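The values are calculated or read from the model by the stated rules, or taken from the named source; none is laboratory data. Model, not experiment: these values are computed from the prediction. Cβ placement follows ideal geometry from the backbone for every residue including glycine, while neighbour counts extend to all protein chains displayed. Heads up: the accessible areas ignore ligands, DNA and RNA and are worked out on the full protein's heavy atoms, side chains in. Shrake-Rupley method; radii C 1.70, N 1.55, O 1.52, S 1.80 Å.
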Amino acid sequence: MFLTISTTGSAQRPATDLGHLLHKHPEKAQAFSTSYGTAHVLYPEADAERCTAALLLEVDAVALVRRRKGKGRGGAPDAALAQYVNDRPYAASSLLAVALGSVFSSAMRGVCTARPELPGTPRPLRIEVPALPARGGADLVRRLFEPLGWTVTAEPVPLDTEFPEWGDSRYIRLTLLAADLTLAEALRHLYVLLPVLDDAKHYWVSPDEVDKLLRVGDGWLAAHPERELITRRYLSHRWSLTRQANERLELVRLAEADDSEVEDLDNAVAQEAEADDEEKPTPLAVRRREAILGVLRASGAARVLDLGCGQGQLVQALLKDPAFTEIVGVDVSMRALTIASRRLKLDRMGERQASRVTLLQGSLAYTDKRLKGYDAAVLSEVIEHLDLPRLPALEYAVFGSARPRTVCVTTPNVEYNVRWESLPAGHARHGDHRFEWTREEFRGWARTVAERHGYAVEFLPVGPDDPEVGPPTQMAVFRLGTPKEAKAA
Ligand code: SAH
């Protein structure tokens, strides 16, 4: 199994930077043992103009079969010969992808400590895979790679060059060219799409493969036109995992499509009540954060969850107050979390500060053990991003399973929309809002939730409290019943 990655360069931007990016020195051939055999990395050419790294995987077919047997799968004695005599040793496949992911793991994550500016910069790339098993043929290869910015040459490999009448094999000689991709992006594309084309994963697909797929697919998979096929094949046709992956990716896609709107909304200002204020009016998002901080401080919380933390503005504000000793931001969108981590400068933060903050990718529509045992949780402008039928799942995950002592929920007050100058009548404030509630509706929901899960709830306005239509943002603060109340209940 064989794959090459090449780049071109100049004296100013030498092609040999590839060696830094891959964390593998061009002057030595290196070997790494993996669970399936030995992976070799070598550079057939390496100068300022051109540099090529080759990854060659020598598969140990015997170890592969033993491994499978160890896992209790595929070990039927009568199938023995096909397991040893097959195309595994020379065709690129999911094994090569696994080797790629382990040998070039830092490069795939876009990390280069020696030259931190390199990974973020696109460079001309050429990738060649001489024998790629491709179920779906050259056409599918194009449909998978072209939307990602690759120029694709996919030539079917004849079964036997001496006997053209035998027709083509199921292998493709693949060449990919791109000018605007980073190496990390390229490696992530290959990591997912090689096994997708192979469509015969050699290892058992466990539920954490969904997390892995979302991580590696960050920034390109959610909006890919072949997303369904990619997730289905990547997850070995396991229907429940595929569905879960697609639900999460769909949320990511919507969040990505609406990011710019989120920013606009964030900066929106509740105007009228401030008309005669001398000072610049405070954006609603700032008021919301202040109100939330006020509630959290008053509750005496030290360990806080920001559920649906988005781009991390509240996490940043919480970090400034030493009263909050542990802050966890959770979001379904990897892209939002990437922006949050950049905003917080997580990679440059001192150890002490860094130990106070964690960002987690996860969906609030599923219970999550990691979220148990916190003092307080915030859901700031999040519930309205879920389809109403999914809301009970979030309710259970937060109030039934995670059960923080205090929960602070904010959501737009739809009645206030008539006061927004720029909002056409009857429109939601944000393209991704699945619903917007009146004060009555929000209170009804909050009271039911409180009762069902043993919380007391109180309501607070955020922004100018209009005598007719109420405040622009409504807030509910839930407190877990005190032991005395619980006994009384
Ligand atoms: N809390 C932030 C962001 C609000 S935007 C603020 O107040 O500014 C809504 C956020 O909820 C988005 O970042 C979106 O990705 C996230 N989100 C939507 N559905 C989610 C789900 N099911 N699980 C986790 N996060 C979700």
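The figures follow:
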{"item": "Residue among Leu190, Leu174 that is part of a strand (DSSP E or B) and closer than 24 Å to Ala107 by Cβ", "result": "Leu174"}
{"item": "Scope region 369-394; condition within 12 Å of the ligand (Cβ to nearest atom) and either assigned to a helix (DSSP H, G or I) or over 30 Å from Arg429 (Cα atoms) (or both); matching residues", "result": "Leu371, Ile383, Glu384, His385, Arg390, Leu391, Ala393, Leu394"}
{"item": "Residue in region 407-417 that is closer than 20 Å to Arg288 by Cβ and either among the aromatic types (Phe, Trp, Tyr) or not assigned by TED's automatic domain parsing to the domain that holds Gly294 (or both) present", "result": "yes"}
{"item": "Selection within region 460-473 - open to solvent by 10 Å² or more (accessible area, probe 1.4 Å) and touching a helix residue (DSSP H, G or I) at 6+ places or on another chain (Cβ under 6 Å)", "result": "Gly463, Pro464, Val469"}
{"item": "Selection within region 108-147 - of a type outside the set (Lys, Arg), outside any loop (DSSP other than H, G, I, E, B), open to solvent by 20 Å² or more (accessible area, probe 1.4 Å) and in contact (Cβ under 8 Å) with a residue 40 or more places away in the chain", "result": "Met108, Glu128, Pro130, Ala131, Pro147"}
{"item": "Residue under evaluation Trp166, criteria (1) touching a Pro at 6+ places or on another chain (Cβ under 8 Å); (2) surrounded by 23 or more Cβ atoms within 10 Å (Cβ to Cβ); (3) more than 23 Å from Glu128 (Cα to Cα), criterion not met", "result": "(2)"}
{"item": "Region 289-309 - residue that is in contact with a Pro (Cβ under 9 Å, 6 or more places away or on another chain) and within 15 Å of the ligand (Cβ to nearest atom) and, of those, nearest to Leu251 (Cα to Cα)", "result": "Leu305"}
{"item": "Candidates Phe435, Phe442 - the one that is in a loop (DSSP other than H, G, I, E, B) and within 34 Å of the chain's Cα centre (by Cα)", "result": "Phe435"}
{"item": "Unique residue being open to solvent by 30 Å² or more (accessible area, probe 1.4 Å), modelled with pLDDT of 85 or more and within 16 Å of the chain's Cα centre (by Cα) when the list is Arg227, Arg232, Arg215", "result": "Arg215"}
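Listed here are the residues, each with its yes/no results for (1) in the same structural domain as Ser363 (by TED's automatic domain parsing); (2) in contact with a Pro (Cβ under 8 Å, 6 or more places away or on another chain); (3) in contact (Cβ under 8 Å) with a residue 60 or more places away in the chain.
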residue	(1), (2), (3)
Val216	no, no, yes
Gly219	no, no, yes
His224	no, yes, yes
Leu241	no, yes, no
Ala245	no, no, no
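Residues are listed down the side, and each one gets a yes or a no for (1) within 13 Å of the ligand (Cβ to nearest atom); (2) modelled with pLDDT of 95 or more; (3) not assigned by TED's automatic domain parsing to the domain that holds Pro116; (4) not in a strand (DSSP E or B):
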position: Gln311; (1), (2), (3), (4): yes, no, yes, yes
position: Val315; (1), (2), (3), (4): yes, yes, yes, yes
position: Ala323; (1), (2), (3), (4): no, yes, yes, yes
position: Val328; (1), (2), (3), (4): yes, yes, yes, no
position: Ala336; (1), (2), (3), (4): yes, no, yes, yes
position: Ile339; (1), (2), (3), (4): yes, no, yes, yes
